[in-house]
Structure formats: structure tokens, C-alpha cells
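To start, the structure under review is shown below, and the notes come after it.
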Amino acid sequence: MWLDAYNQGLAQLRQAGYVATVEAIRDGLSSLTATCVTDSPDIARVLDTHASQQSQTVPVRIYHPAPDRPLPVIVFLHGGGHMAGSVAVYDPICRKLSKATQHIVVSVDYRLAPESPYPKGLSDARMVIGQLWPLLEKHKLAYLSTLTLVGDSGGGAMAATLSADYQYDPDVNIHNQVLIYPSLDYTMSQPSVTENGKGLFLQQDKMQWYFDQYFQHGEDRQAASPLFMAKSEKMPRTLMITAEFCPLRDEGVAYVQQLSALGIPTEHFHLDDMIHAYLNLESLVPMQCRATYQKIAEFLITSGDN
């Protein structure tokens, strides 16, 4: 019913000559999340701060569910097609993630396209990771130096890119990654892009527009795609979360198969009745959202993080 109403609204807007703008996309994700993710659990300590290096400053919001004891750390990269989303929009989702996993969550307010195209958002995330432990120490936050990257949609693309970048770096040890319906193929070559690219919330033509705003200088989109990046046995332990009616489903499946073939410990949590971005639609699908947070928590517990 919700999808029917959503698609009808889109059709009416198009008939009226409406053309989406960056501001409308951002407002839409913000409004949708605020309307549908209404449960925002209390976290013992929430801190707005920033990581900085030379002239670069990146805002972050840190959630510590148990300040009296050291906990492992999640760096969270929000979704929004590299164009939308923010620390504020994803605040309730990060609170749920911190509470469910009993991890410190560091949510990164990275720069967005089109004002800041590829690779500026990734540069922000790298800087936060590089400054992570000193930042936590600066604010006297008790932590364990165990790092997990978590991202949904475009944030999942960023997490997977960073995991590939850091796989041989002796100074950065990413223990786990959790990829929630991630965007892993900027060439849009997987069958589910066309199979699920109309009428199921995330539209194929909208994805193309997002990527055109993100890649503005003729970059090699295949080389920038985590699905096609070189991988080794040094890639982190991975939980892949996919949805049956998501255009990004098949690239998630292909990616986890690649890691499994390398002997990387992987788990694949697939919801056969869900669409893309369902975590932002929690009031419509509360059971599936609870199951997702629980699965992430179980995955991290079995890694020995806690």
C-alpha cells in the first residue's frame, strides 16, 4: 500500500512537470526517515565533535552506550546515494545500532555530491579512520581498538571501498565490515538493476542521476566499484545484508561470493520480502528492522568483539 501511494505520488509529480533537485532529494530522505523511524533509544553518552587534520575538518557524532567500560568501535557511513543523508538524519538508526551491538558508533558527516564529488566523501572517511583512536582518547572515551565499518547503500559502497584500500595497510586493521544493501557496482551492470529498477522505491534512472552527480570528472566507474576492486585474504570478515526487491541485490550477492571464494569469513542475511532502504522505513516493517539489528549484533558478538 505504501509503495502504491509512493509511486502514484511520483507519477503525479512527473505529470505536473516536476524535476527533482538535490535539495528535494535531501529533504525527502530526511522527512521519510523522521516520519518512519520514530523510536530513538537513549544512549548513555552522545557527543558531537570533529576529526581534523591540517585544514580538513570532518564532523562526527559519537555514541557510547556504556561509558564506564571499553567497547569495540563501529565507524558508520550513512546512505543517500552520495548526495543525501547526514549524521542528523541517521541519528535514530545509529542509536539503535549502538544499543543493539553494544559498540561505540562513530557516525561520519562526510561531504556530499554534487558540491563535493568523488572522492571527497571517501577522503573524509579516511581522515576519520586515521584519527579515530586519538579522537576517542581526546574525549576520554573508553574503547577497545577493534574496528568495524558499517554502511548502508552509498555508505556501504564507501565501507567496502575503504576495506579494499586498507587490506594491506599495516597501520589500519579493519576487523569486520557490515554492508547493508550496498551499492557496489557503479557501472549498474547487474541484472537486478533493471529487474527491480522501477516501482520499488529506488529507481534505476535516479541511481544513474546520483552517480552522474558523484562522478564529475570522467572517472573509471568500474575501477571505483568495490565489486571490481582487487581483493585478498586480508579483506575483513563480512556481513552482507540484501533485499529481494532491491536493484542492488545482485551486486551484493556477487561480492559476498567473491570474498567467500577467497576464504574470508562471510555471512549473508537476505530478506526476501524487502525493498531498498527498509531501515529508513521502520514503522512499515518493524519486524524486519529488528531482525536486521539483531543479526548485526550476533555477527559482531561471534567475531569476539565484545
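Readers should treat all values here as calculations from the given coordinates under stated rules, not as data from a laboratory. Just so we're clear, the structure is a prediction, and the values are computed from it rather than from any experiment. Cβ atoms come from the backbone with ideal geometry, glycine included; neighbour counts cover every protein chain shown.
Its convex hull of Cα atoms gives the chain a direction-averaged projected area, equal to a quarter of the hull surface, of 15.1 nm².
What number results when the radius of gyration of the stretch 173-216, computed over Cα atoms, is divided by 2.2 N^0.38 Å? Taking N as the residue count of the stretch 173-216, the ratio is 1.38. Report summary: the helix-based calculation at 222 nm, which adds -39500 (n - 2.57) for every DSSP H run with n ≥ 4 and divides by the residues of the chain, gives -11500 deg cm²/dmol. If the segment from D273 to N7 were pulled out straight at 0.36 nm per residue, it would be longer than the present Cα-Cα gap by 94.0 nm.
Taking 0.36 nm per residue of sequence separation and subtracting the Cα-Cα distance, how much length would be gained by fully extending the chain between D27 and T49, in nm to one decimal? Before the final figure, lay out each step's value.
Values: separation 22, 0.36 × 22 = 7.92 nm, distance 2.39 nm.
Here the segment from D27 to T49 would lengthen by 5.5 nm.
Give the calculated FRET efficiency between V172 and V19 to the nearest 0.05, with a Förster radius of 35 Å applied to their Cβ-Cβ distance. Before the final figure, lay out the partial values.
Values: r = 42 Å, r/R0 = 1.20.
After rounding to 0.05, the efficiency reads 0.25.
Ranked by the mean number of other Cβ atoms within 10 Å of their residues, highest first, the peptides 130-143, 247-260, 230-243, 1-14 fall in the order 247-260, 230-243, 130-143, 1-14.
What is the packing order of peptides 65-76, 212-223, taking the mean over residues of other C-beta atoms within 10 Å and listing the highest first?
On the way: 65-76: 19.2, 212-223: 13.5.
The packing order, highest mean first, is 65-76, 212-223.
If you take the alpha carbon atoms of the stretch 1-91 and fit the smallest convex hull around them, that volume is 136 Å³ per residue. The mean sequence separation of alpha-carbon pairs under 8 Å and at least six residues apart, normalised by the residue count of the stretch 28-302, gives a relative contact order of 19 percent. Summing +1 for each Lys or Arg and -1 for each Asp or Glu among the other residues whose beta-carbon sits under 12 angstrom from that of D205 gives +2.
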